[in-house]
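The values are calculated or read from the model by the stated rules, or taken from the named source; none is laboratory data. Treat the numbers as computed from the prediction; the structure is a model and nothing was measured. Note that each Cβ is placed from the backbone with ideal geometry, even for glycine, and that neighbours are counted across all protein chains shown. Protein only, heavy atoms only, side chains kept; ligands, DNA and RNA dropped before computing areas. Shrake-Rupley method; radii C 1.70, N 1.55, O 1.52, S 1.80 Å.
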Amino acid sequence: MDIITPRLHDLGGGFTVRRLLPSALRQAVGPFLFFDHFGPVEAKPSDNHDVRPHPHIGLATVTYLFEGAMMHRDSTGVVQRIEPGAINWMTAGRGIVHSERTPDDLRDKTRRSHGLQLWCALPTEHEADAPSFAHTPASAIPEVPMSGVQIRVLIGSAFGATSPVKTLSPTLYLDIHMTAGSQLVLPVLAEEAAIYSVDHDVTVNNTQFEAHQMLVLEPSGSTTIRASHATRLVLIGGTNLGHRHMVWNFVASDRADIQRAEAEWLAQGFPVVPGETEFIPLPARPK
């Protein structure tokens with residue numbers, strides 16, 4: 001069982017995230033090749049945690065909030081307020097630009113932010129698809145009650161429930177709430193799968209693991225999870241789509257596609273986000 005420990009990464013403005021994927025142990029779990037856990041953090045009116053407009057190719061972003069709110073805008077013209085419990089799936093395809101900012105009604109307030117930002121690889125035949133954005137409200141996400149456990153099936157199918165979120169390859173994403181003293185037996189649910197404890201230590205197959213560690217599950221046999229505290233876990237997984245090149249916000253199976261995207265971004269040839277004027281240059285390459 002691989003154990004992945006987070007690296008702290010500063011996104012700017014003092015906004016630090018725990019980054020689990022990609023890691024030295026493995027690039028991806030199923031199609032998921034990027035996993036950031038941000039917060040919980042309290043921001044004051046003077047704090048600026050906005051994510052300015054930036055590009056993507058060859059991936060899908062998956063945004064899920066536990067607390068707070070953000071305003072998504074992208075170059076397809078979508079403007080969507082993102083709030084806790086909803087799944088927001090953005091297919092970058094051949095190229096998209098988006099920003100994630102604090103909603104105007106919260107800027108003058110002290111506010112909390114907490115959630116996960118994940119990326120999924122796209123099947124090679126879909127890497128150049130037209131960009132798109134799909135919002136699935138919290139009310140549409142199925143929930144499965146069990147003894148001491150509540151499971152939200154955010155993406156994919158598990159425990160007899162299926163999410164309405166459309167994907168391009170087999171993908172699984174679960175939000176699991178466990179009460180203190182509860183136990184959950186996980187069958188094999190996907191070709192590859194991993195669990196991540198958002199807030200407390202858990203015992204997995206009689207071994208205790210710390211919060212904020214990602215445990216890649218064995219591909220056969222069940223997994224028993226015990227929680228001594230009320231705990232929130234997520235499970236990610238699905239079919240692994242193979243190695244991807246990753247440079248900045250660009251993902252591709254062919255490195256030449258990344259080089260073309262870098263040149264296009266430098267030439268400011270990407271589509272623009274309506275109402276946005278800021279431009280982020282490519283990050284400096286290590287010498």
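Structure notes:
- Against the main long axis of the alpha-carbon atoms of the chain, helix 255-266 sits at an angle near 50°.
- Solvent-accessible area per residue in the stretch 130-287 equals 49 Å², computed with a 1.4 angstrom probe and all protein chains kept.
- Taking the stretch 160-287 and dividing mean pair separation by its residue count, relative contact order in percent (alpha carbons under 8 Å, at least six apart): 27 percent
- Among ILE57, LEU122, PRO45 - extreme Cα towards positive end, dipole of the stretch 1-157, charges at beta-carbon: PRO45
- A Cα-only calculation for the stretch 188-287 places Rg and Dmax at 20.2, 55 Å.
- Rounded to the nearest Hz, the phi-derived 3J(HN,Hα) couplings of the stretch 5-11 under the Karplus curve 6.51 cos²θ - 1.76 cosθ + 1.60 (θ = phi - 60°) are 9, x, 9, 7, 9, 8, 7, where x marks glycine and proline.
- In a DSSP loop and with at most 16 other Cβ atoms within 10 Å, the trypsin sites (Lys or Arg not before Pro) in the stretch 11-93 are ARG26.
- DSSP-loop chymotrypsin sites (Phe, Trp or Tyr not before Pro) across the stretch 150-219, with at most 13 other Cβ within 10 angstrom: none
- Checking every one of the GluC sites (Glu not before Pro) in the stretch 194-287 against DSSP loop status and a limit of 16 other Cβ atoms within 10 Å picks out GLU210, GLU276, GLU278.
- Backbone phi angles across the stretch 41-46, fed through the Karplus curve with coefficients 6.51, -1.76 and 1.60 (θ = phi - 60°), yield HN-Hα couplings of 9, 9, 10, 8, x, 7 Hz in residue order; Gly and Pro are listed as x.
- Taken one residue at a time, the phi angles of the stretch 242-253 give Karplus couplings (6.51, -1.76, 1.60, θ = phi - 60°) of x, 5, 10, 7, 10, 9, 6, 9, 10, 10, 7, 7 Hz. Gly and Pro are set to x.
- Where the Cα pairs of the stretch 113-265 fall when distances are cut into 5 Å bins, in %: 2, 8, 16, 19, 18, 14, 11, 7, 4, 2, 0
- The rule of thumb for compact globular proteins, 2.2 N^0.38 Å, goes into the C-alpha radius of gyration of the stretch 1-103 1.13 times.
- Sequence of ARG152, ARG52 from largest to smallest accessible area, 1.4 Å probe: ARG52, ARG152
- The radius of gyration of the Cα set in the chain, together with its Dmax, comes out at 18.7, 57 angstrom.
- Expressed as a whole percent, the accessible surface of the chain that belongs to carbon and sulfur atoms is 51, based on a 1.4 Å probe.
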